[in-house]
Every structure is written in C-alpha cells, then in structure tokens.
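Read the structure below first, then the notes.
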Amino acid sequence: MISDLTFLRKTILFADLPPRELERVGMLMQERKYSKNQIVFLEEEAGQYMYLVKRGQVKVTKMADNGKERILTIHKEGDSFGELSLLDNSAVPATVTAMSPAIIWCMSKPDFLSVVLNNHRVMLKVVQVLSKELRKAWSQIQLLTILDAESRIRTTLIKLSQESGIPTTSGVQIRFRLTHQEIGDMAATSRETVTRFLTVCQKHKVLSFDGNNSIVLHPGFFHSRSASPTSSTRQ
C-alpha cells in the first residue's frame, strides 16, 4: 500500500482521478527497489504487474538474431510499462532492466484490470500510453532502416532529447546518463563507432557533457550535419 499520493498525481495514468479513487489506487500499489543492472522481468515471462517508475530509469531490451542486445526504449520517472501484457493476456515482449538504482511501484494484474474496467479516465489514459509506445516502436523500426551508423546515432540522440530533454543555456541536456555501449545498443551500432562520433562532435562544439557526464546537444547538432565524424559509416 502506498500512502503518499503526491507521485501518483503526477503520472499520466492517474493524474485525472478524484481523491477517493486515487486513494484506492494507492492502496493497490506495492513499492519495489532495484539495484543497477537488476532485472525487473525477462522477455517471455507471463505478465503479472503494471509498473510505474518512481525513481531512476529502466531500459527495455530485446535480443537480436545475432545475439546482440538492442535497447528499444528507456522509461524514466513517471513512465509506466507492462500494461500491454496484462490487457492481451500474453507474455511480455521484452526484458526490462534497471539502468540505475530504481524505485518502482507496481500493481497486480487483477487489481490493474479492475481499475481500468471500472474507470473510463484510466482506460483512456492507458490507450494514450499504448498509442505513444506504438509510435515509438514504428520510430525504432524506421531507425533500423538507416544504413549510415552515424545517422542512426544522431537520430537516436535527437529522439532522446525530444523525449527526455531539459533546455539549458547551451542546448538540450538528455536527462539521464548513457554509456557509449547503451547508445550503440539503441542505434544498432558498435560502442567504438559511438565513441568516435561523440569525440568529433565535441571537437566541432555541437555536443558536450555536463558535470554528471550527461550529454548536452548544442543548437548546431540539430541544424547541420557538421557533427558527422566521417563519411558514411555502415555497421
């Protein structure tokens, strides 16, 4: 049971609920803590919960045919996941892993279905969330059709800045820290290619890192291809 409802009021799914219904949702929630790299659930497990990220970030990954991990998306504070498997009664389509120490609130399948079926506000929000995830999936498919590895990296960083960017005096800061390997996993390319790309972007002053090593994209990164380290690289 969750007694502090402040966070729930800020989430997409439950923000529109009146106080009494929000209290009911809080009573159905459980809090779980995950350490960095701890698995929340594995691909093909039966879906048993819906989840809300209270603190930290988690990555959604799927193993490619060549055995390499691909990051499909990253969920940050306030995001929900796991709803689809509960609604269509199927196994979860990907693995979810904590990228940093994380606090996650979860609700069991029977409780979640009860809330959705008895509250049209939540049902509409679930449809909106799933539609957003569908658009992300199509965007990821389009990304993988780009043959130029550097263009895939650029597109990945711009997408992250749009989804999780914080405006700063020098540009747009991606809210969370990503390793070069994680960027490569999202852009379907190698860590070495990511490192080369970022190094030359820094040299051209279209990208920098803040004190916590979060990436800051400067205006030039969005408006020109001068950040491209080399000619077309396919990996």
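Structural remarks
- Accessible surface of the chain [probe 1.4 Å, protein heavy atoms]: carbon and sulfur percent: 54 percent
- Within region 124-177, all pairs of alpha-carbon atoms sorted by distance into 5 Å bins from zero give the percentages 4, 17, 19, 20, 19, 13, 6, 1.
- Share of pairwise Cα-Cα distances greater than 22 Å in region 18-153 is 41 percent (whole percent).
- Database remark: amide H of Asp148 closer than 5 angstrom to no amide H (H placed geometrically; neighbours at sequence offset of 5 or more, or on other chains; Pro and chain starts carry no H).
- Ligands, DNA and RNA are left out, and with a 1.4 angstrom probe the accessible area of the chain is 52 Å² per residue.
- The calculated FRET efficiency for Leu113 paired with Ile158, based on their beta-carbon distance and R0 = 25 Å, is about 0.10.
- Estimated at 0.36 nm per residue, the fully extended path between Glu69 and Asp88 surpasses their Cα-Cα distance by 4.3 nm.
- Principal semi-axes in Å for region 28-94 [√(5λ), Cα gyration tensor, largest first]: 20, 16, 10
- Rule-of-thumb Rg ratio for the chain [Cα; 2.2 N^0.38 Å; N residues]: 1.09
- Rg ratio for region 103-235: its Cα radius of gyration over 2.2 N^0.38 Å, N being its residue count, equals 1.29.
- Span-like helix ranges in the chain, DSSP H, alpha carbon extent 15 angstrom or more, Kyte mean at least 0.0: 120-144
- In this structure the amide hydrogen of Asp79, modeled in the peptide plane, comes within under 5 Å of the amide hydrogens of Val53, none closer than 5 places in sequence on its chain.
- Sorting Arg55, Arg152, Arg121 on solvent-accessible area from highest to lowest, probe radius 1.4 Å, gives Arg55, Arg121, Arg152.
- Note on region 94-150: the C-alpha convex hull projects to 6.1 nm² when averaged across all orientations.
- Inter-probe distance in nm under a simple model that places probes 7 Å from Cα toward Cβ, at Ser151 and Ser35: 4.3 nm
- Structure-based [θ]222 nm, the chain - -39500 (n - 2.57) summed over DSSP H runs of at least 4, per residue, nearest 500: -12000 deg cm²/dmol
- Highest to lowest packing among 88-97, 184-193, 62-71, 44-53, scored as the average C-beta count within 10 Å: 184-193, 44-53, 88-97, 62-71
The values are calculated or read from the model by the stated rules, or taken from the named source; none is laboratory data. Fair warning: this is a prediction, and the values are worked out from it, not measured in the lab. Positions of Cβ are generated from backbone atoms using ideal geometry, with glycine treated the same way; all protein chains shown enter the neighbour counts. Each accessible area value is taken on the protein alone, full model and side chains, heavy atoms only, with ligands, DNA and RNA left out. Shrake-Rupley method; radii C 1.70, N 1.55, O 1.52, S 1.80 Å.
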